[in-house]
Structure formats: C-alpha cells, structure tokens
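Below is one structure; the comments refer to it alone.
The values are calculated or read from the model by the stated rules, or taken from the named source; none is laboratory data. Worth saying up front: this structure is predicted, and the values here are computed from it rather than measured. Using ideal geometry, Cβ is built from the backbone for each residue, glycine included, and neighbour counts are taken over all protein chains shown. Accessible surface areas use protein heavy atoms only, side chains included; no ligands, DNA or RNA. Shrake-Rupley method; radii C 1.70, N 1.55, O 1.52, S 1.80 Å.
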Amino acid sequence: MKSQTMKMVTIKIDGKKIKALEGENLLKVAKENGINIPSLCWHEKLSPTGACRLCVVKIEGVRGLTTSCTNYVKEGLDVVAFDDELENERKTILDLLASEHNFEDDGSYDDEFKALLERYNLIDPKHRKFPSIWKELGYPVDKSSPVLTYDASKCIKCFRCIKACDEIQGKNVLSFTNRGITAYIVAGLGVWKESECDGCGECIQLCPTGAIIEKPFTKKVDIGKVEKKIKTTCTYCGVGCQLDMWIQDGTIVRTTGNNAMPNMGRLCVKGRFGYEFVNHRDRLTKPLINKNGKFHETSWEEAYDLIQKKFKENLDKYGPRSFGFFSSAKCTNEENYLMMKFARSVIGTNSVDHCSRLCHASTVTAMKKTIGSGVMGSSVPEFEITDVLIVIGSNPIETHPVSATYVKKVARNGTKIIVVDPKKTPLVKYSYKWLKQKGGTDVALISGLIHVVIKKGLIDENFINSRVEGGMKSLEELKKSVEMYTPEYVEYITGVSKDDIIDVALLYGNAEKASIVTGMGMSQSAHGTANVTGLINLALITGNFGREGTGVNPLRGQNNVQGASDMGALYNVFSGYQSVTDETIRRQFAKGWGIPYEKLDPELGLSATEMTRSAYDGKVKVMWVMGENPVMTDPDMKHTIKALNRLDFFVVQDIFMTPSAELADVVLPASAFAEKEGTFCNTDRRVLRVRKCVEMPGDAREDWVIIRDIANRMGHEWKYQEPMDIFNQMRTVTPTFAGISYERIEEEGLQWPCPTEEHPGTPLLHIDSFPIGKGRLVPTEYEADEEQPDNDYPFMLNTGRTLYQYHTATMTRRSTPLNEYIPDAFLEMNPDDVSRLNLKNGEKVKLKSRRGEITVPIKESGNVGVGELFLPFHFEESPANMLTKDIIDPESKIPRYKQSACRVEKL
Ligand SMILES: Nc1nc2c(c(=O)[nH]1)N[C@H]1C(S)=C(S)[C@@H](COP(=O)(O)OP(=O)(O)OC[C@H]3O[C@@H](n4cnc5c(=O)[nH]c(N)nc54)[C@H](O)[C@@H]3O)O[C@H]1N2
Ligand SMILES: Nc1nc2c(c(=O)[nH]1)N[C@H]1C(S)=C(S)[C@@H](COP(=O)(O)OP(=O)(O)OC[C@H]3O[C@@H](n4cnc5c(=O)[nH]c(N)nc54)[C@H](O)[C@@H]3O)O[C@H]1N2
Ligand code: SF4
Ligand code: SF4
Ligand SMILES: [Mo]
C-alpha cells in the first residue's frame, strides 16, 4: 500500500518532462509514459532483479550505464533512455542471449524474447554476431510435472519464475543450479515431480520465453487460432478468482489469471488446470428417466411432462410441505434465486436449502446471534495487514490457496500466524506456533484463551463499553463462565500445553490488529455454534472488529455458497436474509412476485439435513436436487441412500451421473459454469460475473432455463429471457443488492451491501456498529463429544479435503492433471500406529465405524498424531460418509464430520 507521504515530483526522460510519485520504479514510470525501454527480467509484480541489463539507461550524476529497474524516481532525475550507445549495448545483450537459445517454438505461447529480437532486427541468425551454441550446452528438459514442461534450452535466466513462485505465491520452490551459461532452473533439489511444487502455474504465467509451458490438456494451444479470451470466475472454491478462459475451436484450451480483485492474477492448481471436466465425454447430454431401475434417454418434453404430473399429484395429495429442494452453491445467484422462488411461490414450501448447512451453518448461526451477520466482515487481501492471525480449523493452503498466498506473505513480513488444528496442515510450516489440540475440544481451548486475556487485563474496555450490549457487566458474566478454564485445566482437556495457551492469549490480546480465520474444523462439530461463539467473544472483548485486519473471518467454501445463501436458498429466509416468518416481508415478496400472499408459507421449512431425515420418515415425498451430491456428502451414507430411496419422486439436475443421480427418477442434464451467464458471490461478498465461454454438450440446458420451464409447466408465467432479467428482479426485492447491476460489475466485482447505484460497495463491515446494534457476549460451555474412541473403535477419524480434489470429485477427477497428483483415496495414519498394527504403507485396510465400513489404502503420515486418522471425502470407492454419524449441532443443524470413532482392520 502506498504511503500517504509520497509526493509528486518531476523527472526528465529523453528530454520529456514526466510527473511521477517519488520512490516509484523508474522503469515502470517510463513504460507507463510510453517510453518503451526494453526489459526481460523485470515484471511489475516482482521485486527488481537487474539480471538481464536490457533496461540500462544513463542517469545524470551516475557513472556508467545503470539498470532503470533498480532505480527510483526522485526530484530532478534526468535520464537518457535511448541513444546509440545504449541501443548497441542492448543489441549485444540480446545477441548473446540468442546464441544460447533454442528457438524451436510449438506456437503455444507468446514469446517476449522473440518480440525483442524482432525489434532489434536479430531474428535472422545472419544478423547476429554470435554463433548459436545452445545445442553444445546440453540443457536438460524436465517433463516430470503433471502440469508443465521446463526446457532449459529456452530459458534466458531472468529469475521471473523463481520470484513468481517466491514473492507472489509464497512457495519458494525454484532456484538455479550451476552458475553462468549452463545454469538452469531446478524445482526443489531436482526434478519438478519430486519437489514441493503444487502446480499453481504462476511460473508459466510469468515466464517470458516459453521455457516453462503448460502441458496440453483438452487440445494443443495454437496462439494464432485462439478465438477469444473470456473473463469469468473460477468454479471451485469461494476465493472467487478472476480468470481468462482461452477458447480455440469452441473448446477451453487454457486458463490464465486475470489481474482483478480478489486474486490479482494469481490462481491455484484447480483454477488453472481444472477445466477439462467441462468438455468431458461423461457429461450428461440428455434427460434420463428411470424405468424399473434402468435409465432411458428421453426428450425434454417428456421429462417435463413427467415432472409436471408428479409434482401436481403430490401437491394435491400431500401438500407443499411434502416437497424438498436442494439448491446449489455451484450454480449462479440467478439460478439459486429461481430455485428458492420456485420452492416458495410455485410449491409453497420453505424447505429449500443447500450445502451451506453442511459447511458454515454453525458459523452463521453463531455470528447472527452475537453480531447479527454471518458473513466475512473484511476482504481477502486484508490478511496482508494484520499483526496476529489465528487460523483455527481451516487449512487454507489446500482449500483457499489464493487467499493463503496473502497469509504466507504476512508470515514472511513478521506477522505471527498461529495454527490451531489437530492435523499438521501445510500452513504450520509458515506459522509461529501450532496448537495441536484434541479434536472436538475447541470450546475449552477458546475459553482458556479468554480466561488468560481477562486475567491479564488485555481487554479493550472502550470497545466493550461502546460496542457490546451490557458493557462491562456483560464481561463479568463471560468472566464467570471461563473462570474454571485455567490454562492447566485446558491443557488437561485439549492436550495443548498451558504455556502455549498463555503465549497465544498474550499475543492476541496485545496485538493492535488481530484477525481470526475459521473453517470446517470449527463449524462441522456437534458444538459448532459454541465454537464460533467463543471466537466472537474473544474478538469482542479485545476490540477486534470493524477495522481492517481484524474480525472473525469464515472462509466460505464453495464458489457460490455465499451467493446461494444471499439469494435465500435457505429454509428460513428469502434473498438478502429477510425472514420468512415476518409478515411484512412475505407481503413484499408476494407483491414483487405477483402471487397471492397466502401462497407463501409463514412457517420455517426443513433444513437439508432435516429433509433427508424426513424423507426417511416418509414425510418428505418429493425432492429436487440441483447441483449437489448428498449421497456422498451427507453424513451416514447408508441412511441417506435409504431416505432417498423412500421418496415418491426424486429429480436430480447435474452435469454428471453421480451416486445421488443414480437413485433419481429423472436426471436432468445441466450446464457447467463455463456455459452460462450469471454471477457468483465470493467469500468476501464480492458479486462477480460468470460468463459463457463455450456451448453446452448435447441437449443440456442452463439450470435457470430448466427451473423457469418447470415453473411455467406448473402454471406460472416466468418470462425471464436471460440471467440479467433474473438479477434485475432479484435487486428489486433485495435491498443489499439493489445498487448492483451487470453493468457496474463488468470490470470488477462489487461487495454487498450496496443499496444504491451510487454506493461504492462495502469492503469492510461493522465499522461503527453491528447489524444488531451492539455485539453480544454469549458464554459457552464445553461438553465432551458423545462418541469417543474406546476399545472397540480406538481411532478418531477426521475427514476433509486435499488440494487437488474437490468434494465428490465429479469435476476434479475428470481433469487429467489434478487426478495425476492425487488419483485415489488414502487414509493418513501415524507411522507408530502403522507399525504397531503391523501394516505397511500403501496397504489396503478395512476402516470401520458404528455406521459402516469401507476399504482404503493407508498412507503413513506424520501429519496426524497417534490414535488419529485423516480421510478425504472425495472418493466414491472409499466414501468417508459411510463412517460419519449424523449427530448434529442443536442450534445450526450441522453434522459432526470431523470426529468419528473407528477401527482399522487388516484385510
Ligand atoms: N481443494 C479443495 N478446496 C476446497 C474444497 C475442496 O473440496 N477441495 N471445498 C471447499 C469448501 S465447500 C469448503 S467448506 C472449504 C473448507 O475448507 P477447510 O475449512 O480448510 O476444510 P477441511 O479440510 O474440511 O477442514 C479444515 C481443518 O479442520 C481441521 N479439524 C478437524 N477437527 C478439528 C477440530 O476439532 N478442531 C479444529 N480447530 N480443527 C479441526 C482439519 O484437520 C482440517 O485441517 O474448502 C473449500 N475449498
Ligand atoms: N465427511 C465429510 N463430508 C462433508 C464434508 C466434510 O468435510 N467431511 N464437507 C461438507 C461441505 S463443507 C460441503 S460444502 C458439502 C458439499 O456437498 P455437495 O454440494 O453435495 O458436493 P459437490 O461434490 O460439490 O456437489 C456438487 C454437484 O454439483 C454438480 N455441478 C457442478 N456444477 C454444476 C452446475 O453448474 N449445475 C448443476 N446442476 N450441477 C453442477 C457436480 O457435478 C456435483 O455433483 O460436503 C459436505 N460433506
Ligand atoms: S524459466 Fe522462464 S521465467 Fe524462469 S528464468 Fe527461465 S526464462 Fe525466466
Ligand atoms: S483459489 Fe479457489 S477460486 Fe482461486 S483458482 Fe483456486 S480454486 Fe479457483
Ligand atoms: Mo463447504
């Protein structure tokens, strides 16, 4: 961030007067003012290197030639950028580089080096002084990475890749081996595949020559044939990275990071290389009807006929509350808005929900109760300016990789990161301290931190008096509730040493700006709401809200889980979190939608977890699941399958045949993100455009078209012609979005709330007050989990994610490079347990819980402690949810996914 004290000064370049900020990079200023000094190693995102020396200039008062990239603007600077001597020097440098360079070119990349050779008339070898010697130098080619190829004979040793890896992504995997002319890039200690490179591809994006290029996936890129590059939003996680899709022959052939917020050009391995699924042969292309256990292809008309008939029959016979709708955090805002509108206005039920229930439901419940808003209050890049950061129950390097680049950056700048997680996550390497607590004991741990903060007088009395309901009196109650959680007692419960508890409490309590990042480890617990309530208590008493670099920040998971919630695909609220039990609001929606007020159900609907239970009990009879895979993702898979099998009529709308779709009566082929227009909301409430890049396969249809058509079959007259029509209607009934239009977010997203067309959007929430006015301190009570390891089931199983696979892997397993990194299921087990049980690394075992059993190969890993196991829930052949139990948090109804007692048996 630029300092306020910077002043404008005047400099001269080749006689031209230029105004610039003092301290700005000279080469950058020259380029911005149309003085095109050649350069290769310099890149505006990187610190200057001064390696290629092409950008040499003469500066009055400085002896000899000096590189402009390592000089900075100051008053009166007088620079010569072009004269014969400088140009000759540059030509000689380029000529020398060319002699060591392999010019074979597969046409798949832009080559900045070649462009400079053209500019200096050196393309033709006859115009060069130095003979070509690259063949004699015997440069290696490294093809070992699943995503890229490095050819040292095309490398000009500019350092850009090394710095991209280090300074932008914070990974520091690359370096040079050898010195001088034979130097080349190595990853780790040798080849790419064996290094810690995680395939984000930042180096490819910044390499000026094509020495590092991506492997061809859907089709080989031919730069001359790329028809267009379309800016859109990544479909995987909630960071909401902006990317450019390169389209050739109607197919996505490459993805590059777009230089917009929130990612500023960065991507992770999924965003960059995970697009092959769009074009995959397994895509659903025709509606399917299940007749006696076999699917038959059919026409849309026939599928719609059946849905219309069954919906009407059930509505007549059992009424609206016999219906349940799963909306989708993979789909656009427009689609989610229509799904909730369908449930409420066409059927007349509030039983609409989505995967948020399985995700941050408890976080949202806790935040609503204490501060009145369940969303992330600050913006992703703000992690860069915090003083102390607690990352609790979140594994951002694998699950929000681009947000994690900001976190790694602060770690490097001296900010203390504290990781609180039973598993050793990759962030531990960057952290000041790792608190490894026993799973499920967070309430006690946080109470311990609060205990110390209060004892040591590190509370912010001003903040408590002005921003907390009941002021210091309320603190007294909190104090009483944490009295017994002395560091010693908390060490006994959690296994974290008392010294570490005191140290972290002091660090957090003393920090000027302290921030907390929270994730699934906190929320997916039978005490999820209490966990996050505790965090908010801690932040409230230390005044860590409403300023940049503070807050309790839930990283939202899916690409559009924020939007699906904002659009009211929840059992209790319409779009904009407007309560369904509030008569005034129901009247507004009835009016806005042009339906009789009586059609809207005044009672809360069923949550996703309750819908499945009610299907099991025979109360919910019809379900429509759009873009979710509950068989794989709901807890207790056997129970879920039984429940769904008991339905009278089950519709699944997906882009692939999934284990859930297998149980359906009708399967509708939908559109993937790259095939439709619309918007997503990312984790920091940024409304971002999604754009159509390619055509849908076969007869597939956009999700919003399908919902509209079925609504019309049910007797409504929905006239939406394009997603923008839906968005514009949504704005009229949703005050927080009222000021946002497609036009305004054409270039950059806007963060809601944005109530008017003039409003600039809201990067930071809670500056002067909370949505409920003052914050509330709510004491929490630690309770041990009901299911603990015992003699029969001695291990504690933790489930979650890996970087390369996404949820039920319908998309990532159909993207070759992602699948090459982690193709199959694995169970992480501590080496001591592996040898104690007489097992071998890679051996397939039986993993059993009280709910069911699976087989899975074990992976020896020091990341989990003795008695602990970790299993990703991505893999159909070893489904984690066969083992989990649907114990749910009483307030938020989220299942406990992170702790199941298990037994490991030799096969
Ligand atoms: N690559 C990839 N990225 C993803 C996803 C994906 O499937 N793949 N999914 C997206 C979605 S929807 C979501 S919600 C996010 C989730 O992102 P995260 O919240 O980072 O996800 P998890 O890996 O489920 O769990 C986080 C951590 O909680 C820890 N944990 C387990 N038990 C406890 C406990 O008792 N206490 C504490 N404090 N921690 C515990 C786990 O060890 C794990 O490291 O990721 C999103 N991003
Ligand atoms: N054991 C265990 N279970 C968990 C978790 C855990 O940590 N451990 N985490 C939970 C969490 S946080 C979450 S968010 C849930 C996720 O649960 P789900 O949402 O059920 O999981 P996904 O695999 O993301 O399902 C999305 C489906 O949408 C399809 N799809 C993709 N794009 C589109 C589209 O544009 N249109 C349509 N119609 N379909 C599309 C995909 O093919 C896929 O089948 O899982 C939960 N389950
Ligand atoms: S691989 Fe590319 S970016 Fe890296 S040093 Fe060589 S030319 Fe520069
Ligand atoms: S960090 Fe998330 S949004 Fe960004 S590229 Fe990776 S998966 Fe996509
Ligand atoms: Mo999630």
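Can you pull out every residue in the stretch 720-752 that is open to solvent by less than 40 Å² (accessible area, probe 1.4 Å), within 20 Å of Thr233 (Cα to Cα) and assigned to a loop (DSSP other than H, G, I, E, B)?
Those that are open to solvent by less than 40 Å² (accessible area, probe 1.4 Å), within 20 Å of Thr233 (Cα to Cα) and assigned to a loop (DSSP other than H, G, I, E, B): Ile740, Ser741, Tyr742, Ile745, Gly749, Trp752.
Just checking, how many residues over the stretch 217-249 are under 30 Å from Leu97 (Cβ atoms), surrounded by fewer than 18 Cβ atoms within 10 Å (Cβ to Cβ) and more than 25 Å from the chain's Cα centre (by Cα)?
Result for the stretch 217-249: 6.
When you check Val631 against the structure, is it modelled with pLDDT of 95 or more, touching a strand residue (DSSP E or B) at 6+ places or on another chain (Cβ under 7 Å) and outside any loop (DSSP other than H, G, I, E, B), yes or no? Write out each step before concluding.
Working: modelled with pLDDT of 95 or more: yes; touching a strand residue (DSSP E or B) at 6+ places or on another chain (Cβ under 7 Å): no; outside any loop (DSSP other than H, G, I, E, B): yes.
Answer is no for this residue.
Of everything in the stretch 800-844, what is away from ligand 5 (no atom under 16 Å from the Cβ) and among the small types (Gly, Ala, Ser)? Give them in sequence order. Break it down stepwise before answering.
Taking the stretch 800-844 as the starting set, the residues that turn out to be away from ligand 5 (no atom under 16 Å from the Cβ) are 804, 813-844.
Of everything in the stretch 800-844, those that are away from ligand 5 (no atom under 16 Å from the Cβ) and among the small types (Gly, Ala, Ser) turn out to be Ser815, Ala825, Ser835, Gly842.
Select from the stretch 316-343 the residues that are touching a strand residue (DSSP E or B) at 6+ places or on another chain (Cβ under 8 Å) and either free of Cβ contacts under 8 Å to residues at least 12 places away in the same chain or within 16 Å of ligand 5 (Cβ to nearest atom) (or both) and list them in ascending order.
Scanning the stretch 316-343 gives Phe326, Ser327, Ser328, Ala329, Lys330, Cys331.
Determine, yes or no, whether Thr799 is part of a loop (DSSP other than H, G, I, E, B), touching a Lys or Arg at 6+ places or on another chain (Cβ under 9 Å) and of a type in the set (S, T, N, Q). Step through it out loud before you land on a result.
Details: part of a loop (DSSP other than H, G, I, E, B): no; touching a Lys or Arg at 6+ places or on another chain (Cβ under 9 Å): yes; of a type in the set (S, T, N, Q): yes.
When the stated conditions are applied, Thr799 does not pass them.
I'd like to check something: does the stretch 455-464 contain any residue that is part of a helix (DSSP H, G or I) and under 34 Å from the mean Cα position of the chain (by Cα)? Give the steps one after another, and end with the answer.
Here is the first cut: in the stretch 455-464, the residues part of a helix (DSSP H, G or I) are 455, 461-464.
Cutting the leftovers down to under 34 Å from the mean Cα position of the chain (by Cα) gives us 463-464.
Within the stretch 455-464, one or more residues are part of a helix (DSSP H, G or I) and under 34 Å from the mean Cα position of the chain (by Cα).
Any residue in the stretch 477-499 that is within 34 Å of the chain's Cα centre (by Cα), within 16 Å of ligand 2 (Cβ to nearest atom) and buried (at least 24 other Cβ atoms within 10 Å of the Cβ)?
no
Suppose we keep only residues that are open to solvent by 10 Å² or more (accessible area, probe 1.4 Å) and aliphatic (A, V, I, L, M) within the stretch 876-907. Which one would you say is nearest to ligand 5 (Cβ to nearest atom)?
Checked the stretch 876-907; the qualifying residue nearest to ligand 5 (Cβ to nearest atom) is Ile888.
Within the stretch 143-192, how many residues are of a type outside the set (A, V, I, L, M, F, W, C), more than 16 Å from ligand 1 (Cβ to nearest atom) and either open to solvent by less than 20 Å² (accessible area, probe 1.4 Å) or touching a Lys or Arg at 6+ places or on another chain (Cβ under 7 Å) (or both)?
7
Restricting to the stretch 502-527, give me the number of residues that are touching a strand residue (DSSP E or B) at 6+ places or on another chain (Cβ under 8 Å) and buried (at least 20 other Cβ atoms within 10 Å of the Cβ).
Of the residues in that region, 16 qualify.
Only one of (1) outside any loop (DSSP other than H, G, I, E, B); (2) open to solvent by 60 Å² or more (accessible area, probe 1.4 Å); (3) under 17 Å from Lys114 (Cα atoms) is not met by Phe130, so which one is it?
(1)
Listed here are the residues, each with its yes/no results for (1) without any contact (Cβ under 8 Å) to a residue 60 or more places away in the chain; (2) closer than 19 Å to Leu606 by Cα.
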| residue | (1), (2) |
| --- | --- |
| Val517 | no, no |
| Gly521 | no, no |
| Ala530 | no, no |
| Ala539 | yes, no |
| Arg547 | no, no |
| Asn553 | no, no |
| Asn560 | no, no |
| Ala569 | no, yes |
| Ser575 | no, yes |
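Kindly state which strands (runs of 3 or more DSSP E) lie completely within the stretch 250-355 and contain at least 3 residues that are under 29 Å from the mean Cα position of the chain (by Cα) and buried (at least 17 other Cβ atoms within 10 Å of the Cβ). Reasoning before the result, please.
Working: elements: 251-257, 288-291, 294-297, 323-326.
By residue number, 251-257, 323-326.
Yes or no, residue by residue, for (1) touching a Ser or Thr at 6+ places or on another chain (Cβ under 9 Å); (2) of a type outside the set (A, V, I, L, M); (3) within 23 Å of Gln751 (Cα to Cα); (4) more than 16 Å from ligand 2 (Cβ to nearest atom):
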{"residue": "Ser356", "(1), (2), (3), (4)": "yes, yes, yes, no"}
{"residue": "Cys359", "(1), (2), (3), (4)": "yes, yes, yes, no"}
{"residue": "Glu384", "(1), (2), (3), (4)": "yes, yes, yes, yes"}
{"residue": "Ile392", "(1), (2), (3), (4)": "yes, no, no, no"}
{"residue": "Pro396", "(1), (2), (3), (4)": "yes, yes, yes, no"}
{"residue": "Pro401", "(1), (2), (3), (4)": "no, yes, yes, yes"}
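Is at least one residue of the stretch 178-198 at pLDDT 95 or above, touching a helix residue (DSSP H, G or I) at 6+ places or on another chain (Cβ under 7 Å) and within 16 Å of ligand 4 (Cβ to nearest atom)?
yes
Among (1) closer than 29 Å to Ser431 by Cβ; (2) acidic (Asp, Glu); (3) open to solvent by 10 Å² or more (accessible area, probe 1.4 Å), which single condition is Glu214 missing?
(1)
Could you identify the single residue in Glu75, Glu85, Glu104, Glu136 that is modelled with pLDDT under 95, open to solvent by 40 Å² or more (accessible area, probe 1.4 Å) and part of a helix (DSSP H, G or I)?
Details: Glu75 fails: part of a helix (DSSP H, G or I); Glu85 fails: modelled with pLDDT under 95; Glu104 fails: part of a helix (DSSP H, G or I).
Going through Glu75, Glu85, Glu104, Glu136 in turn, the sole match is Glu136.
For the stretch 364-410, which positions are part of a loop (DSSP other than H, G, I, E, B) and more than 16 Å from ligand 5 (Cβ to nearest atom)? I'd like the intermediate steps shown before the answer.
Initial filter on the stretch 364-410 (part of a loop (DSSP other than H, G, I, E, B)): 371-379, 386-387, 393-395, 400.
Within the stretch 364-410, Ile371, Gly372, Ser373, Gly377, Ser378, Ser379, Thr386, Asp387 qualify.
Does any residue of the stretch 368-390 turn out to be of a type in the set (Ser, Thr, Tyr) and modelled with pLDDT of 95 or more?
The answer is yes, given that some residue of the stretch 368-390 is of a type in the set (Ser, Thr, Tyr) and modelled with pLDDT of 95 or more.
Since Cys681 meets every condition but one in (1) surrounded by fewer than 18 Cβ atoms within 10 Å (Cβ to Cβ); (2) within 30 Å of Glu548 (Cβ to Cβ), which condition does it not meet?
(1)
If we keep just the residues of the stretch 116-127 that are part of a loop (DSSP other than H, G, I, E, B) and without any contact (Cβ under 8 Å) to a residue 24 or more places away in the chain, which is surrounded by the most Cβ atoms within 10 Å (Cβ to Cβ)? I'd like the intermediate steps shown before the answer.
Let us first name the residues in the stretch 116-127 that are part of a loop (DSSP other than H, G, I, E, B), namely 120-124.
Narrowing the set further to residues that are without any contact (Cβ under 8 Å) to a residue 24 or more places away in the chain leaves 121, 123-124.
Working: Asn121: 10, Ile123: 16, Asp124: 9.
That would be Ile123.
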